[in-house]
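Q: This is the structure I want to talk about, given as structure tokens.
Read-outs: derived from the displayed coordinates by stated rules, not from any lab. Just so you know, these numbers come straight off a predicted model, no measurement behind them. Note: ideal-geometry Cβ built from the backbone for every residue, glycine included; neighbour counts use all protein chains shown.
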Amino acid sequence: MHTVWKGAISFGLVHVPVKMFTATEDKDIHLRMIHKECGTPIANVRTCPHCEKELGWDDISKGYESEKDRFVLFESDELDAIKPENTRTIQILDFVDLTEIDPLYYQKAYYLSPDQAGSGAYNLLLEAMRQSGKIGIAKIAIRSKSSLAAIRAVDNCICMETMHYPDEIRPLQQVPNLPEQTSVNERELTMAKMLIDQLSTPFDPAKYTDDYRIALQEAIQRKIAGEGTDIITAPAAERTNVIDLMAALQASLEATNSKPAKPPTTAATPTDTGEDRSKAKPRGTRGRKKEGAVP
């Protein structure tokens, strides 16, 4: 696994050096945009629609749109000055019961492993949370973004899940057409509860698969095996020195034409010079001599 963050968990006076690893992975099959005519992948280019030119990173600032078409600009050093002070510490603020947290708050999961000589403190925190049934609520800054986080024991590993702040959760009152009061038929409710009981089972994540991803993988393999018209090879990228090479060839030809013609030889030996490359006959012109070429 690739280490995405290095720092420490801090609770009270205890300091636990840890490394962070992403606990989940994106297994979606990503399809690229392809030019149908030639098979070239389409690239995302940073352009200015007003100036009609491509931009480099040095030409770009970050800005907040305070009102329509008016932006407050920030340079990198200004943003660095207001970054969280401590970006290498997961500071546990409180310990709470896991059941008190609505899953709506959770964002992304990470695994934390002990770093350097921190295995003793790591094991202490892991076992204390496991036996108490509590989880830690902490603050962490990852890539300059400050997040809440839940720290908990998962088997023999400390797991961290970043969380939304409360003001990032939209209030239910904004959801349209929610019933003000629930009114149901008692007989229907009894039957619905019976159905839930019949479908209830211990949670086994291995039972659940991404059927669309599997079907798409199978479709990709069928197309590869068939080598049909849907298989396309992108053309090789043109060399960036083509213009310079053409200029060098032209200069070589001009230099050659300015010299007196040499007497013909019985056998020509090809060499790696611009002059000899210019003598090569183009494809499809067998038997024809290029006008003005030296014999």
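Q: When you count, for each residue, the other Cβ atoms within 10 Å and take the mean per peptide, how do 176-185, 100-109 rank with the highest first?
A: The packing order, highest mean first, is 100-109, 176-185.
Q: Which order do peptides 59-67, 136-144, 89-97 fall in by mean Cβ count within 10 Å, highest first?
A: 136-144, 89-97, 59-67
Q: So for each of 113-119, 188-194 I average, over its residues, the number of other beta carbons within 10 Å; can you give me the resulting order with the highest mean first?
A: Listed from highest to lowest mean packing, they are 113-119, 188-194.
Q: A follow-up question, please. May I ask which of K108/K139; K19/K134; K19/K139; K108/K207 have a Cα-Cα span longer than 18 Å here?
A: Those over the limit are K19/K134; K108/K207.
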